[in-house]
Amino acid sequence: MTTFDILAQQLVNGLVLGSFYALVALGYTMIFGVIKLLNFAHGDVYMIGGFVGFAVLSLVGGLVGTGWGGIALSMFVSMIAVGFLGVVIERIAYHPMLAAPRLSILITALAVSLVLQNSVLALTGGEFTAFRTNLGFGGIALGGVFITYNQMVLVGMAAILMLALETFVTRTQYGRAMRAVSIDKDMCRLMGIDVTKIIAVTFLIGSALAAAAGTMAGAYYGSIWYFMGFLIGLKAFTAAVIGGIGSIPGAMAGGLILGLLEAFGTQIPFIGSEWKDVFSFSILILVLVFKPTGLFGKSEVERM
Amino acid sequence: MSGAQKMLLNLSDVRLSFAGNTVLDHVSFGVAGGSIASLIGPNGAGKTSLFNCITGFYRPQSGSITLGGEELLRRKPHRVTQMGIARTFQNLRLFREMSVLENVMAGQHCRTRAGAISAVLRLPSQQREEREIRKASEECLDFVGILDEADRIATTLAYGHQRRVEIARALATQPKLLLLDEPAAGLNAGEKATLIDLIRRIRDERGVAVLLIEHDMGLVMKVSERISVLDHGAMISEGRPDEIRADPKVIEAYLGQDEAEELL
Amino acid sequence: MLPFKTAARRAEAQDNDPAPARPLAGITQLQQWFGRPATFRGAMAGIVLLLILGPFVFSQYITVIMTNALLYVVLCLGLNVVVGKAGLLDLGYAAFFAVGAYTTGILTLQFGWNFWASIPVALVAAAISGVIIGGPTLRLRSDYLAIVTLGFGEIVRFSARNLEITGAASGLSGIQQPRLFGWTIDSAVDFYYVFVVLAIGAVIASIRLSDSRIGRAWLYVRHDEDAAEAMGINRVAVKLAAYVTGAIYGAIGGIFFAVNLGAISPESFSFEQSVLILMAVILGGMGKIPGVILGAFIIVLGPELLRDLGELRLLVFAIGLLLIMLFRPSGIWPGRTQ
């Protein structure tokens, strides 16, 4: 393979990775927008999404098959179920804490994350669960670059979801209200917007997107486990920050940028794949320290 | 203005804007050492913003702010306090869950040095300093007349007393200039009379200059030696209380506001 | 108890003012739980006596668990300075624990240093890492800070796993047990006593810090940063001091953890470790020294008592943490009375 081929192949890998990051980052950014909370549990919602998708596919796989059709159906069911789980989490854990000091609500979010993780740990015994599908390994070769059909379908589904979200946010009443709530909650209350409901809708959609990513990731990588949300949660958060937390197009762009950075980063001599995560965390820290508002975020009023 | 060199605090040509909106428009003004001055103006005139510029919380785009000839601009808030300016807040900002005395002890922080190591080792110098902090803080509480409430949790005090804790806390930083942001807000007539007395004593007994932002015109007229009037971010008038009362520009600025009646 | 008493006497001797001292946060707050200072001293002496007599009653197994609990007391009191006092959510506290353990491990194993000589180096290394992590990040919003500390914690662990000098994934083993005046500290009981001394030292240091200028400054900054700054408090310096203090506690725990086990591996310093320490601090009651000590014991002894629950243990803890946050966010130790 030529250097060009290697880079092109990494571009494809980066896009796939970036799609997962972007879908999870969207939830972070939307939830942050409406309640200014860094939802530590979001990575675990993604993990639950993977497990629910797996459970549904195990149930209906016999009828509809375990190809992309069956996976799409499981993903859809998982999105609905996990979306409502997100709403329940918000109601039980975050809603009573909205007026509490920020430290308290952050710790609460951490506690929710641990509850989700350990519930699945208790159910699975901490083992990897094989996510059996009958996806082929076929694909098309473009020069020296091989793109599997799976990769294409996956990036395509992620793109469709993001397009749907973009339409929802810009074209519908709820979407516009969501953006309004993220700008000024009190003003929205005065304008008669049901803020509580909008927050619930935001959790529903954010969690559903994470669930979609969880199911797709399970199918794509072939296994799931209780801790799978931890790393991706951190990385998706990085993506959200790169794009400017609170910004929806920013989260999409940030996800893709991080995916590509990671894919190309592993090709840099001395970094290698074992240092991949250190590389991502370093990006996270550098962005947070030097450009906390991200690429698309609004800058806050300067306060010395 | 009678010569900038006699002024303790001096602002010249201070301009502040947020996102293109001018909040302070080339403001120049000064407070003489050992004087009591007031800053008045209609709501939204930029008074608190001016305080925030002086104390380093906001960073003006241009101009100069000096205290005794030393430039304050671009200094962080804690540096400004160390240099000798203390403030109270418009909305009470006491440390919750801490006693009145502990609140006031905060003011002594910048006048003392002991760090973590000497605290862990209980060095004699640290012990001595702790006693000094306590003594100085108790003296400030005594000065504002609430020493007997020293052990109570600050936020459980009556509102008027909480205001006094804030003043004691500011005095504990041993300032040359004390900025009071609406100290009379929410006080009844009796408490206002005590406040006037307290402001005068701060100047007379401690030699601390006082600059206050206040909406209560009766109190402002009674206590101030000089009054400056801010309107829409610009200084429109400056003078003795009787001069301000007679200034048509001031009356015009206040037209339609509640305080106009008191002013006239 | 001795250092207490002498310090108190010295203070009395120097203080000519007969006015009664007013109660403040730290030791005097502790005394409030026990009524009079004499009762407090009695209670403390009783606890210390119990700790000293412990190994004569305990089985080997219980001695080892108690040693672990005392290690957690040190770690939790350290994190308590950062989270409980200064209000900074640190999700990577295990990194400081790791810095202490690995510095001692590397110096004694790879460079043949004497254990005691490695201690100051490990403490300096921890303080420097506290400054490296804290310096650029303490200006950040609290949730960003939490994530950055988590990231640093993971970077430290990944580095330990990938570097040769740290023994990569298998870690370091064969760390020499320390000798003190010809006596080798090697049995479980020996180490139990070492940790008794460390834990008591940590408690005394915490009490003294609470009752000091810097300890109050942490609370001021946590309650209201703007007001604290207006009082002339440099919030970044004060937070940094909290960070470095916490780092040193963590490193002390790590140093003795390394020689106690004789072996360390990257997985001892995982995110879960940081979370466990944080849980203890929150369960007991952030900022409250007796609460945090209680939390440390719960976190270590709890799993032993819940052994039958197997995988459910951590779930029980996690649910407990969530319930505490929702219904009693100030922890299980009673709050300060008026």
Report those helices (runs of 4 or more DSSP H) wholly inside region B:86-159 carrying at least 2 residues which are acidic (Asp, Glu) and either in contact with a His (Cβ under 9 Å, 6 or more places away or on another chain) or more than 30 Å from C:Ala247 (Cα to Cα) (or both).
B:124-144
Take the conditions more than 14 Å from chain A (Cβ to nearest Cβ) and closer than 21 Å to A:Gln117 by Cβ and apply them to C:Ser268. Does it pass?
yes
It is to be established whether one or more residues within region A:162-180 are in contact with a Lys or Arg (Cβ under 8 Å, 6 or more places away or on another chain) and assigned to a helix (DSSP H, G or I).
yes
I'd like to know if region C:63-77 contains one or more residues that are closer than 28 Å to A:Asn39 by Cβ and at pLDDT 90 or above.
yes
Suppose the filter is under 26 Å from A:Met30 (Cβ atoms), among the hydrophobic types (A, V, I, L, M, F, W, C) and surrounded by fewer than 18 Cβ atoms within 10 Å (Cβ to Cβ); does A:Phe168 pass it?
yes
Can you list the helices (runs of 4 or more DSSP H) lying wholly within region C:214-320 that have 3 or more residues being closer than 30 Å to C:Ile165 by Cα?
C:235-261, C:271-284
Meets criteria (within 14 Å of chain B (Cβ to nearest Cβ) and under 30 Å from C:Thr108 (Cα atoms)) for C:Gly250
no
Here's a check for you: in region C:151-166, which residue that is without any contact (Cβ under 8 Å) to a residue 12 or more places away in the chain and part of a loop (DSSP other than H, G, I, E, B) is farthest from the other protein chains (Cβ to nearest Cβ)?
C:Glu164
Being within 22 Å of A:His42 (Cβ to Cβ) and modelled with pLDDT of 90 or more: is that true of A:Thr293 here?
no
Some residue of region C:135-157 being aromatic (Phe, Trp, Tyr) and farther than 16 Å from C:Ser274 by Cβ
yes
With the condition kept exactly as written, say whether any residue in region B:107-123 is facing chain C (nearest Cβ under 8 Å) and under 14 Å from the mean Cα position of the chain (by Cα).
yes
Just one of the numbered conditions (1) surrounded by 17 or more Cβ atoms within 10 Å (Cβ to Cβ); (2) outside any loop (DSSP other than H, G, I, E, B) is not true of B:Ala45; which one?
(2)
Look through region C:193-219, keep the residues that are surrounded by 22 or more Cβ atoms within 10 Å (Cβ to Cβ) and closer than 26 Å to C:Ser270 by Cα, and return whichever of them is farthest from the other protein chains (Cβ to nearest Cβ).
C:Phe195
Within region A:181-200, residues being among the aliphatic types (A, V, I, L, M), part of a helix (DSSP H, G or I) and over 25 Å from the mean Cα position of the chain (by Cα) number 2
Residues in region B:76-91 that are at pLDDT below 90 and either within 17 Å of B:Leu178 (Cβ to Cβ) or of a type in the set (Lys, Arg) (or both): how many?
1
Residue among A:Glu127, A:Glu90 that alone is surrounded by 21 or more Cβ atoms within 10 Å (Cβ to Cβ) and acidic (Asp, Glu):
A:Glu90
Could you tell me whether A:Phe40 is outside any helix (DSSP H, G or I) and buried (at least 24 other Cβ atoms within 10 Å of the Cβ)?
yes
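The values are calculated or read from the model by the stated rules, or taken from the named source; none is laboratory data. Keep in mind that this is a model prediction, so the values were computed, not measured. Positions of Cβ are backbone-derived with ideal geometry, glycine not excepted, and every protein chain shown enters the neighbour counts.
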